[in-house]
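As structure tokens, the structure follows; a few thoughts come after it.
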Amino acid sequence: QVRLAESGGGLVQAGESLRLSCAASGSIFSITAVNWYRQAPGKQRELVAGLTDGGDTNYAASVKGRFTVSRDNAKKMAFLQMNSLKPEDTAVYSCHVILWLGPYDTPRQFWGQGTQVTVSS
């Protein structure tokens, strides 16, 4: 069974930094893509950052230049480094992973449970 465990959320002041981690466990053959989403109260979930196995990245315009997504394939982990945080970054952040359970499997997607990030002004 595949599980994603997130950590690193918390309460910080505007201008500070946080690093979110997403650890995948279980029998995983390969991870194709890692995405970070966030959902603020009363708002729709939005894609914050994504990273493919080929190294291509994409970022929401609101975080470009401040957030960096990365991964450690050997440890089956993904990270979201968040710098210069703003109050509008306050949300529940979730990792989303597309992976293969075996070489002949079809791509499957999994979600983490989410971690709260609160940025005070």
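Among residues that are surrounded by 15 or more Cβ atoms within 10 Å (Cβ to Cβ) and either part of a strand (DSSP E or B) or at positive phi (or both), Leu47 is not included. Gly42 falls short on exactly one of the conditions (1) more than 17 Å from Lys75 (Cβ to Cβ); (2) of a type outside the set (S, T, N, Q); (3) touching a residue at least 40 places away in the same chain (Cβ under 8 Å); (4) out of contact with any Leu (no Cβ under 7 Å at 6 or more places or on another chain), and that condition is (3). Within region 72-91, if we keep just the residues that are within 21 Å of Gly15 (Cβ to Cβ) and open to solvent by 40 Å² or more (accessible area, probe 1.4 Å), the residue that is nearest to the chain's Cα centre (by Cα) turns out to be Gln81. Restricting Ser21, Ser62 to residues that are of a type in the set (S, T, N, Q), without any contact (Cβ under 8 Å) to a residue 60 or more places away in the chain, surrounded by 12 or more Cβ atoms within 10 Å (Cβ to Cβ) and in a loop (DSSP other than H, G, I, E, B) narrows the list to Ser62.
Residues of region 97-109 that are open to solvent by 10 Å² or more (accessible area, probe 1.4 Å) and out of contact with any Lys or Arg (no Cβ under 8 Å at 6 or more places or on another chain): Gly102, Pro103, Tyr104, Asp105, Thr106, Pro107, Arg108, Gln109. Checked against (1) closer than 19 Å to Gly114 by Cβ; (2) at pLDDT 95 or above; (3) open to solvent by 60 Å² or more (accessible area, probe 1.4 Å), Val69 meets all criteria but (3).
The values are calculated or read from the model by the stated rules, or taken from the named source; none is laboratory data. Owing to the predicted nature of the structure, the values given are computational and were not obtained by experimental measurement. Glycine also receives a Cβ, built like all others from the backbone with ideal geometry; neighbour counts cover every protein chain displayed. Protein only, heavy atoms only, side chains kept; ligands, DNA and RNA dropped before computing areas. Shrake-Rupley method; radii C 1.70, N 1.55, O 1.52, S 1.80 Å.
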